[in-house]
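Have a look at the structure below, then the notes.
The values are calculated or read from the model by the stated rules, or taken from the named source; none is laboratory data. What you see is a predicted model, and the numbers here were worked out from it, not measured in a lab. Here the Cβ positions follow ideal geometry from the backbone for every residue, glycine too, while neighbour counts run over all protein chains shown. Only protein heavy atoms, including side chains, enter the accessible area calculation; ligands, DNA and RNA are left aside. Shrake-Rupley method; radii C 1.70, N 1.55, O 1.52, S 1.80 Å.
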Amino acid sequence: MTTTRPAHAVVLGASMAGTLAAHVLARHVETVTVVERDALPDVPQHRKGVPQGRHAHLLWSNGARLIEDLLPGTVDRLLAAGARRLGFPEDLVTLTGQGWQHRFPATQFALLASRPLLDLTVRQHALAPANVTVLQRTEAVELTGDDRRVSGVVVRALDGGRQTPLEADLVIDATGRGSRLKQWLAALGVPAPHKDVVDAGVAYATRIFRAPPGATARFPAVNIAADDRVREPGRFGVVYPIEGGRWIVTLSCTRGARLPATEDEFLPFARDLSHPLIAELLRDSEPLTPVFGSRSGANRRLYPERLEQWPDGLLVVGDSLTAFNPIYGHGMSSAARGATTLGRELAREGSPGAGAGRIQQAIGAAVDDPWILAASKDIDYVNCRVQATDPRLTGVDTDQRLRFADAITAASIRSPRASEIVTDVMSLNAPQTELGSNRFLMAMRADERRPELTAPPLSTDELAVVNLDASVIAPAPARS
């Protein structure tokens, strides 16, 4: 990279990260070419290049605000297409290992919709500038240049196999978890970046149901988490409202638990969660799809900035750089954080050390909070496989980390002050270090905790919307 305006940039992958990066680049370069293996649909439709796309997704408020800044009107377009805006924690019924979360007044929000609708809404406007060209059904074969500077990429058309070199002042790898960056760098004589992996063996099974009339507008989302105090594989479930009057239901587990693979196994798995609420909601609901499963939940982070020399003309973003367990909903927000950082760094003219290495370091810093939030949570599940040198993961005693995590949860589900801080952190509106701040420690110690909830905090009107009897989801009376 130089401080002069580059003529051409190439983005490999039309993922959320690649799409947003291309939009940012269009403001700083003369032309942008996006290279994508898939044929991009012009309606909300699943595609092979987004393997996690069939599962439940949410766009946290931090990511929604950043995308809105980049693409004004995006939130309104999503809501008009049927997405639901939920206030957190008010519009979410959550069972944690420490009990039910009180539904305190909302301090943050999330947008809930199917992943195809989220992707399409962003892509249609992000790639609309006249200086952006999209090569569909095309894949990257190799980078050109040397260990000091990448000068372009060779691409291959999937239909016919013709290879074409594309010269570029900047190439961005946004090809996701399947990135071939390691091989491409090796061919240029560049060592592979250091990699940390925290893999709890998370697997997902998802099915879409027709929600009861009015439920997607007047009933909260539901999240049944694992009891992390029990040293056994985790089992989880969520019910999210999405467009079209539907519920998307994702059941998941960590390594060692058996994921439902068939339609007959789906409801029994939901009933065996730590509370049967999800199973009761689905008991009379009409399924609209078969069960879709996947195993792509490992947290993995590359550290290009640690290399002694990073070639100019090359950046790595999105899942190619840092991939998360999707259950935390941080992937799309991280893509927005990376794109916003890219735009800010490209706008800096004449700053010392301007180049790809500096920009890559800034992008890495932008996704550090979601990385540590996901990895530090998953690392404590039984059977988790860890290959990491991050001292925040390896330098803390496991029992100490578990005790602190339990204390955070116990406070946040019953204290409005603690809940507000945790919600800010989880929605990426406050840094993860806020959980160790004096403000949060004071909130944890404050004598203002609400009573422990013994049943899901659902109102009479909400129960009526889904035709659910309170006695069915209330705890059984204690035996004398």
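Conditions: (1) aliphatic (A, V, I, L, M); (2) in contact with a strand residue (DSSP E or B) (Cβ under 8 Å, 6 or more places away or on another chain); (3) over 25 Å from G99 (Cα atoms). A365 meets all but one. Number of the miss?
If we test A365 against (1) aliphatic (A, V, I, L, M); (2) in contact with a strand residue (DSSP E or B) (Cβ under 8 Å, 6 or more places away or on another chain); (3) over 25 Å from G99 (Cα atoms), just (2) comes out false.
For a quick check of your reading of the model, give me the residue pairs whose first member lies in the stretch 296-316 and is of a type in the set (D, E), whose second is not in a helix (DSSP H, G or I), with beta-carbon atoms closer than 8 Å and at least 6 apart or on different chains.
D312/M1; D312/R148; D312/R149; D312/V150; D312/G355
Residue under question is R439, and the condition is that it be farther than 28 Å from C253 by Cα and open to solvent by 50 Å² or more (accessible area, probe 1.4 Å); does it hold?
Numbers: farther than 28 Å from C253 by Cα: yes; open to solvent by 50 Å² or more (accessible area, probe 1.4 Å): yes.
When the stated conditions are applied, R439 passes them.
Quick check, is T394 more than 21 Å from the chain's Cα centre (by Cα), more than 18 Å from R450 (Cβ to Cβ) and of a type in the set (S, T, N, Q)?
Details: more than 21 Å from the chain's Cα centre (by Cα): yes; more than 18 Å from R450 (Cβ to Cβ): yes; of a type in the set (S, T, N, Q): yes.
Answer is yes for this residue.
It is to be established whether one or more residues within the stretch 43-66 are under 17 Å from the mean Cα position of the chain (by Cα), of a type outside the set (S, T, N, Q) and more than 25 Å from T250 (Cα to Cα).
Yes; the residues of the stretch 43-66 include at least one that is under 17 Å from the mean Cα position of the chain (by Cα), of a type outside the set (S, T, N, Q) and more than 25 Å from T250 (Cα to Cα).
Right, T2: of a type outside the set (A, V, I, L, M, F, W, C), over 20 Å from the mean Cα position of the chain (by Cα) and at pLDDT 95 or above or not?
Details: of a type outside the set (A, V, I, L, M, F, W, C): yes; over 20 Å from the mean Cα position of the chain (by Cα): yes; at pLDDT 95 or above: no.
Judged against the criteria, T2 is not a match.
Go through (1) open to solvent by 60 Å² or more (accessible area, probe 1.4 Å); (2) part of a strand (DSSP E or B) one by one and return the number of the condition H125 breaks.
Only one criterion in (1) open to solvent by 60 Å² or more (accessible area, probe 1.4 Å); (2) part of a strand (DSSP E or B) is unmet by H125, namely (2).
Determine whether L273 is in contact with a helix residue (DSSP H, G or I) (Cβ under 7 Å, 6 or more places away or on another chain), in contact (Cβ under 8 Å) with a residue 24 or more places away in the chain and more than 19 Å from S114 (Cβ to Cβ).
no
What number goes with the only condition from (1) free of Cβ contacts under 8 Å to residues at least 40 places away in the same chain; (2) within 24 Å of G160 (Cβ to Cβ); (3) touching a helix residue (DSSP H, G or I) at 6+ places or on another chain (Cβ under 8 Å); (4) not aromatic (F, W, Y) that E68 does not pass?
(2)
Using the structure shown, decide if L70 is of a type in the set (A, V, I, L, M) and more than 28 Å from R218 (Cβ to Cβ). Walk me through it before giving the result.
Details: of a type in the set (A, V, I, L, M): yes; more than 28 Å from R218 (Cβ to Cβ): yes.
Yes; evaluated as a whole, the condition is true for this residue.
Here's a check for you: in the stretch 358-368, which residue that is of a type outside the set (A, V, I, L, M, F, W, C) and either open to solvent by 30 Å² or more (accessible area, probe 1.4 Å) or in a loop (DSSP other than H, G, I, E, B) (or both) is nearest to A225 (Cα to Cα)? Walk me through how you get there before you give the answer.
Pass one, the stretch 358-368, residues of a type outside the set (A, V, I, L, M, F, W, C): 358, 360-361, 364, 368.
Going one step further and asking which of them are either open to solvent by 30 Å² or more (accessible area, probe 1.4 Å) or in a loop (DSSP other than H, G, I, E, B) (or both), we end up with 358, 361, 368.
Details: R358: 39, Q361: 34, D368: 24 Å.
Filtering the stretch 358-368 for residues that are of a type outside the set (A, V, I, L, M, F, W, C) and either open to solvent by 30 Å² or more (accessible area, probe 1.4 Å) or in a loop (DSSP other than H, G, I, E, B) (or both), the one nearest to A225 (Cα to Cα) comes out as D368.
Scanning the stretch 335-352 for residues that are among the small types (G, A, S) and assigned to a helix (DSSP H, G or I), which turns out farthest from G53 (Cα to Cα)? I'd like the intermediate steps shown before the answer.
We begin by selecting, within the stretch 335-352, every residue among the small types (G, A, S); these are 335-336, 338-339, 343, 347, 350-351.
Right, trim to assigned to a helix (DSSP H, G or I) and you get 335-336, 338-339, 343.
Numbers: A335: 15, A336: 17, G338: 20, A339: 20, G343: 27 Å.
Looking at residues that are among the small types (G, A, S) and assigned to a helix (DSSP H, G or I), I get G343.
Just to verify a result, which residue in the stretch 291-334, among those that are in a strand (DSSP E or B) and hydrophobic (A, V, I, L, M, F, W, C), is farthest from F109 (Cα to Cα)? So that I can check it myself, show each step before the final result.
Restricting attention to the stretch 291-334, the residues satisfying the condition of being in a strand (DSSP E or B) are 292-294, 299-303, 312, 314-316, 322-323.
Next, only the ones that are hydrophobic (A, V, I, L, M, F, W, C) stay: 292, 302, 314-316, 323.
Values: F292: 27, L302: 30, L314: 35, L315: 31, V316: 29, A323: 23 Å.
Checked the stretch 291-334; the qualifying residue farthest from F109 (Cα to Cα) is L314.
State whether the residues of the stretch 412-430 include one that is open to solvent by 30 Å² or more (accessible area, probe 1.4 Å), at pLDDT 95 or above and over 21 Å from Q98 (Cβ atoms).
yes
Scan the stretch 16-37 for residues that are touching a Gly at 6+ places or on another chain (Cβ under 8 Å) and modelled with pLDDT under 95 and jot them down. Walk me through it before giving the result.
Of all residues in the stretch 16-37, those touching a Gly at 6+ places or on another chain (Cβ under 8 Å) come to 16-18, 20-21, 24, 27-28, 34-37.
Answer for the stretch 16-37, where residues must be touching a Gly at 6+ places or on another chain (Cβ under 8 Å) and modelled with pLDDT under 95: R27, H28.
Restricting to the stretch 369-378, and then to whatever is under 16 Å from A225 (Cβ atoms) and not charged (D, E, K, R), can you tell me which residue is nearest to the chain's Cα centre (by Cα)? Full working, then the answer.
Initial filter on the stretch 369-378 (under 16 Å from A225 (Cβ atoms)): 373-374, 376-378.
Going one step further and asking which of them are not charged (D, E, K, R), we end up with 373-374, 376.
On the way: L373: 11, A374: 10, S376: 15 Å.
Out of the qualifying residues, it is A374.
Could you check, for the stretch 334-341, whether at least one of its residues is surrounded by fewer than 24 Cβ atoms within 10 Å (Cβ to Cβ) and touching a residue at least 60 places away in the same chain (Cβ under 8 Å)?
In the first step, residues of the stretch 334-341 are kept if they are surrounded by fewer than 24 Cβ atoms within 10 Å (Cβ to Cβ); the result is 340-341.
Okay, now just the ones that are also touching a residue at least 60 places away in the same chain (Cβ under 8 Å), so 340.
Checking the stretch 334-341: at least one residue is surrounded by fewer than 24 Cβ atoms within 10 Å (Cβ to Cβ) and touching a residue at least 60 places away in the same chain (Cβ under 8 Å).
Going through the stretch 165-210 one residue at a time, which ones are under 30 Å from V291 (Cβ atoms) and either without any contact (Cβ under 8 Å) to a residue 60 or more places away in the chain or of a type in the set (D, E) (or both)? Please lay out each step first, then the result.
So the first thing to find is which residues in the stretch 165-210 are under 30 Å from V291 (Cβ atoms), and the list is 174-179, 197-210.
Hits for the stretch 165-210 are G178, D199.
Hey, could you check the stretch 370-397 for residues that are within 25 Å of D424 (Cα to Cα) and of a type in the set (V, I, T) and say which is least open to solvent (accessible area, probe 1.4 Å)? Working first, answer last.
As a first pass, look at the stretch 370-397 and keep what is within 25 Å of D424 (Cα to Cα): 370-381, 390-393, 396.
With of a type in the set (V, I, T) added as a condition, the list becomes 372, 379, 396.
Working: I372: 5, I379: 26, V396: 54 Å².
Selected residue: I372.
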